[in-house]
Amino acid sequence: MSGKDGVMEEEELKPQPNWHAMNREEVFAELELPEDHRLKGLTAEEAAARLEKYGRNMLSGKAKKTLLMKIWGQVANVLV
C-alpha cells in the first residue's frame, strides 16, 4: 500500500478538497465534526471509520534529485 519510506505512491491517493481554501465551518461540515469535537475528541470507533474513509495521513511521493541533477543545477546556474 505505501511506497518506500512510508510515502504513498501518487496513484494510491484519494482526491481531497482544498483544505487551505476552506473556512472552519466548511472544514467541520466536510469532516462531519460535531460542534464540541475539540472538547471530546474522536472515539476509537470514529477514528477507525475516518481512517477507512480518508486513509492514512501521509505525504505524497516526490521524485528525488539524483547526484547528476544536483551537479547540473549548480553548473547551469549563472549566479553560482
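Figures for the structure shown
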item: Karplus 3J(HN,Hα) series, Hz, for segment 59-75 with 6.51 cos²θ - 1.76 cosθ + 1.60 (x for Gly, Pro); result: 7, 6, x, 9, 5, 8, 6, 7, 4, 4, 5, 5, 5, 4, x, 6, 5
item: Protection proxy ranking of 31-37, 15-21 - average other beta-carbon atoms within 10 Å, highest first; result: 31-37, 15-21
item: Ranking by accessible area, most exposed first, for Glu52, Glu25, Glu30 with a 1.4 Å probe; result: Glu52, Glu25, Glu30
item: Vicinal HN-Hα couplings computed from phi for segment 47-53 (Karplus, 6.51 cos²θ - 1.76 cosθ + 1.60; Hz; Gly/Pro x); result: 4, 5, 5, 5, 4, 5, 6
item: Amide H contacts of Met58 (H built 1.01 Å from N, under 5 Å, at least 5 apart or other chain); result: none
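The values are calculated or read from the model by the stated rules, or taken from the named source; none is laboratory data. Please read all numbers here as calculations on a predicted model, not as lab measurements. Cβ: placed from backbone, ideal geometry, glycine included. Neighbour counts: every protein chain shown. Side chains are part of the model used for accessible areas, which takes the heavy atoms of the whole protein and leaves out ligands, DNA and RNA. Shrake-Rupley method; radii C 1.70, N 1.55, O 1.52, S 1.80 Å.
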